[in-house]
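**Q** Could you have a look at this structure, given as structure tokens, before my questions?
The values are calculated or read from the model by the stated rules, or taken from the named source; none is laboratory data. No experiment lies behind these values; they were computed from the predicted model shown. Note that we place each Cβ from the backbone using ideal geometry, even for glycine, and neighbour counts take in every protein chain shown. Surface areas here come from the heavy atoms of the whole protein model, side chains and all, with no ligands, DNA or RNA. Shrake-Rupley method; radii C 1.70, N 1.55, O 1.52, S 1.80 Å.
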Amino acid sequence: MMLMKRREFLKAGAAAGAMASLYGCAAGSKAGGHVVVVGGGYGGATVAKYLRMWSQGSVQVTLVERNPTFISCPISNLVIGGTKTMEDITVSYDNLKSKWGVRVIQDDVVAVDAAKRSVRLAKGGDLSYDRIVLSPGIDFMFDQIPGLNNAAAQEKILHAWKAGAQTVALRKQLEAMPDGGTFAVAIPKAPYRCPPGPYERACLVADYFKKSKPKSKVVILDANEDVQSKKGLFMKAWADLYKGTLEYRPNSEVKDVDVATNTAILEFDKFKADVLNVIPPHRAGSIASQSGIKLINNRWVDINWLSMESTSTPGVHVLGDAVFPAPTMPKSGHMANQHGKLAAAAILNLLAGQEPNPAPVVMNTCYSFVDAKNVIHVASVHQYDAATKLVQPVKGAGGISAARNELEGKAAMGWAKNIWADMLA
Amino acid sequence: MKKLTQVAAACLLAAASTAHAADPNLGRNLAATCANCHGTNGKAVPGAGMDSLAGESKAKLLQKLADFKSGDKPASIMHQISKGYSDEQLALIAEYFAAQK
Ligand SMILES: Cc1cc2nc3c(=O)[nH]c(=O)nc-3n(C[C@H](O)[C@H](O)[C@H](O)COP(=O)(O)OP(=O)(O)OC[C@H]3O[C@@H](n4cnc5c(N)ncnc54)[C@H](O)[C@@H]3O)c2cc1C
């Protein structure tokens, strides 16, 4: 793109923006420009599609994703439990290309130069942009668990907290485990990706054991002092469905592992499992956490909730698990999708020289399976609050299921199919 | 350049007649928060068990949403979601879905 032209465009845009805010006007002008999106997961795929759809094709979008297909973390616990397959949770990027005109590049973004507004690709070459969106998800802080800080250990003690090869491998370990064995899942301190996810996994492995390996046990080693999501509903499922099979241990942070013996080393204790599944603490995906943009707690990106733009680095928008969450906001796929739409609307306004929508709303729902058919949900709605400059949970709205039920088992699959289509179809 | 100057002019004109600061795409943006379950623009994936909202009449949608809010219409989740939106926001959402063909 010609630099001169873009400069003029930006200047004119800024002028129109100033006027728009002055007169409270935001006429429906057309945005133009090029947006690069890094990461084609829940946040990135959504923002790519919505930028193309809402601009009616006038904004160019390039999506850079390292994987050849999208593989969903939601529903992946059912693959681990053995009632769904990898095929069920895999979706192609073809519609983003052919139907929405997104340029999809399978590569790794290795560096962002925010001053020059360009990114570097691993296979070589740079892409320049008017605005960039980072939705890289998470990366694990393996250095916090020294024994796990090497490739061989990571192939044996799995996280399966990014869906893909690790999901398949964990399922294989469970299938290979003799009856009478123990599966332990270790949860890091909050905040972590998908608060109810580890408890859902424990339930689905216990359900599999009950049906196929009835002498086997599930142990949850939780670094937190209590169940982090849907506590009453999960505890009731454990008592009703998995008494004698599933054991919950709070305040059990894994400090290290002994890989040879599959042993989790806690502060005062040790725990040896046949299949040890450690979810290490994580932070914003490295392209976000290592690009010099402002972080909170050295882990999550500080963003402006009107635009999802970094508070330190103009032109860089960040979505999904990588951001420092607003109050009570979970790191979920549902929420990353909502971030994607908030950002798409804001970016189109900004590219057209207008202020972002001053009253954004996002909402969340996490469905969790407690067995192959019964599901529980937690939902919340978050409205922008000008006083705190945060999206705040609406009091009296949202909540949890009255009880686990099969109807929501169907709704959970309906949610999955619709959100995958909303991102990728 | 030309396009943006025109926009600015249009802005001034609009500013002369209205004084509100709402984004003209507010209805679109709010309705998009429902798409995770009810499909992009309210067109749900066929056979996935979620209701399509596209093309429903505004009055019918608003009545259902009011009944979810009040608890008159039994629901697994919509009573909790609808309470998160003001009546004005629900009206914008219903108008947007009603206009989808
Ligand atoms: C077991 C499990 C169950 C879950 N269940 C649910 C659920 O039921 N409901 C729910 O809402 N959420 C659920 N989640 C959470 C959900 O998966 C995440 O919150 C969501 O994926 C976050 O979206 P994201 O866009 O931030 O990251 P992701 O979806 O992880 O996408 C990030 C993408 O970026 C790519 N990427 C990263 N860095 C680069 C780079 N430098 N260059 C190129 N590509 C890059 C990655 O390959 C990846 O595809 C679950 C998570 C797990 C692990």
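**Q** Pick from A:192, A:129: which is hydroxyl-bearing (Ser, Thr, Tyr) and within 21 Å of residue A:47 (Cα to Cα)?
**A** Checking each option against the conditions leaves just A:129.
**Q** Continuing with the same structure: When the residues of the stretch B:62-92 are narrowed to those that are closer than 22 Å to residue A:417 by Cβ and open to solvent by less than 30 Å² (accessible area, probe 1.4 Å), which ends up nearest to the chain's Cα centre (by Cα)?
**A** Checked the stretch B:62-92; the qualifying residue nearest to the chain's Cα centre (by Cα) is B:81.
**Q** With A:105, A:145 as the choices, which residue is within 12 Å of the ligand (Cβ to nearest atom) and either touching a residue at least 24 places away in the same chain (Cβ under 8 Å) or polar (S, T, N, Q) (or both)?
**A** Working: A:145 fails: within 12 Å of the ligand (Cβ to nearest atom).
Residue meeting the stated conditions: A:105.
**Q** So for the stretch A:341-357 (the condition being free of Cβ contacts under 8 Å to residues at least 40 places away in the same chain, within 9 Å of chain B (Cβ to nearest Cβ) and open to solvent by less than 40 Å² (accessible area, probe 1.4 Å)), does at least one residue qualify? If you could, list the steps in order and put the result at the bottom.
**A** If we filter the stretch A:341-357 for residues that are free of Cβ contacts under 8 Å to residues at least 40 places away in the same chain, which is where we start, we get A:342.
When the remaining residues are screened for being within 9 Å of chain B (Cβ to nearest Cβ), the result is A:342.
Of the ones still in play, those that are also open to solvent by less than 40 Å² (accessible area, probe 1.4 Å) are A:342.
Scanning the stretch A:341-357 turns up at least one residue that is free of Cβ contacts under 8 Å to residues at least 40 places away in the same chain, within 9 Å of chain B (Cβ to nearest Cβ) and open to solvent by less than 40 Å² (accessible area, probe 1.4 Å).
**Q** Every residue in the stretch A:84-127 that is in contact with a Phe, Trp or Tyr (Cβ under 8 Å, 6 or more places away or on another chain) and over 30 Å from residue A:58 (Cβ atoms), please.
**A** Answer for the stretch A:84-127, where residues must be in contact with a Phe, Trp or Tyr (Cβ under 8 Å, 6 or more places away or on another chain) and over 30 Å from residue A:58 (Cβ atoms): just A:90.
**Q** Ok, one more. Return yes when residue A:188 is within 10 Å of the ligand (Cβ to nearest atom) and either more than 14 Å from every other protein chain (Cβ to nearest Cβ) or open to solvent by 50 Å² or more (accessible area, probe 1.4 Å) (or both) and no when it is not.
**A** For residue A:188, the condition - within 10 Å of the ligand (Cβ to nearest atom) and either more than 14 Å from every other protein chain (Cβ to nearest Cβ) or open to solvent by 50 Å² or more (accessible area, probe 1.4 Å) (or both) - is not met.
**Q** With respect to residue A:164, determine if the residue is closer than 26 Å to residue A:108 by Cα and out of contact with any Phe, Trp or Tyr (no Cβ under 8 Å at 6 or more places or on another chain). Can you show your working first?
**A** Details: closer than 26 Å to residue A:108 by Cα: yes; out of contact with any Phe, Trp or Tyr (no Cβ under 8 Å at 6 or more places or on another chain): yes.
Taking the combined requirement at face value, the residue satisfies it.
**Q** Kindly indicate whether any position in the stretch A:282-292 is within 16 Å of the ligand (Cβ to nearest atom), in contact with an Asp or Glu (Cβ under 6 Å, 6 or more places away or on another chain) and over 30 Å from residue A:352 (Cα atoms).
**A** Filtering the stretch A:282-292 for residues within 16 Å of the ligand (Cβ to nearest atom) gives A:282-292.
Now narrow it down to the ones that are in contact with an Asp or Glu (Cβ under 6 Å, 6 or more places away or on another chain): A:285-286.
Retained after the next criterion (residues that are over 30 Å from residue A:352 (Cα atoms)): A:286.
Within the stretch A:282-292, one or more residues are within 16 Å of the ligand (Cβ to nearest atom), in contact with an Asp or Glu (Cβ under 6 Å, 6 or more places away or on another chain) and over 30 Å from residue A:352 (Cα atoms).
**Q** Return the pair list, or none, for Cβ contacts closer than 8 Å from residues in the stretch A:247-265 that are closer than 20 Å to residue A:203 by Cβ and in the same structural domain as residue A:224 (by TED's automatic domain parsing) to residues that are open to solvent by 60 Å² or more (accessible area, probe 1.4 Å) and in a loop (DSSP other than H, G, I, E, B), at least 6 apart or on different chains.
**A** Pairs found: A:250/A:225; A:252/A:269.
**Q** Here is a follow-up. Which condition number does residue B:16 fail, the rest of (1) at pLDDT 50 or above; (2) assigned to a helix (DSSP H, G or I) being met?
**A** Single failed check for residue B:16: (1).
**Q** Being within 15 Å of the ligand (Cβ to nearest atom) and hydrophobic (A, V, I, L, M, F, W, C) is the filter; apply it to the stretch A:402-420 and report the residue that is surrounded by the most Cβ atoms within 10 Å (Cβ to Cβ).
**A** Looking at residues that are within 15 Å of the ligand (Cβ to nearest atom) and hydrophobic (A, V, I, L, M, F, W, C), I get A:415.
**Q** Looking at the stretch A:370-378, is at least one residue at pLDDT 95 or above, surrounded by fewer than 21 Cβ atoms within 10 Å (Cβ to Cβ) and over 21 Å from residue A:42 (Cα atoms)?
**A** From the stretch A:370-378, those at pLDDT 95 or above are A:370-378; that's our starting set.
If we keep only those that are surrounded by fewer than 21 Cβ atoms within 10 Å (Cβ to Cβ) as well, we get A:372-373.
Going one step further and asking which of them are over 21 Å from residue A:42 (Cα atoms), we end up with A:372-373.
Yes: one or more hits.
**Q** List every residue pair whose Cβ atoms lie under 6 Å apart, where the two residues are 6 or more positions apart in sequence or sit on different chains, the first residue falls within the stretch A:284-304 and is farther than 19 Å from residue A:143 by Cβ, and the second residue, located anywhere, is open to solvent by 50 Å² or more (accessible area, probe 1.4 Å).
**A** What qualifies is A:293/A:312; A:294/A:311; A:294/A:312; A:296/A:324; A:302/A:294; A:302/A:311; A:302/A:324; A:304/A:311.
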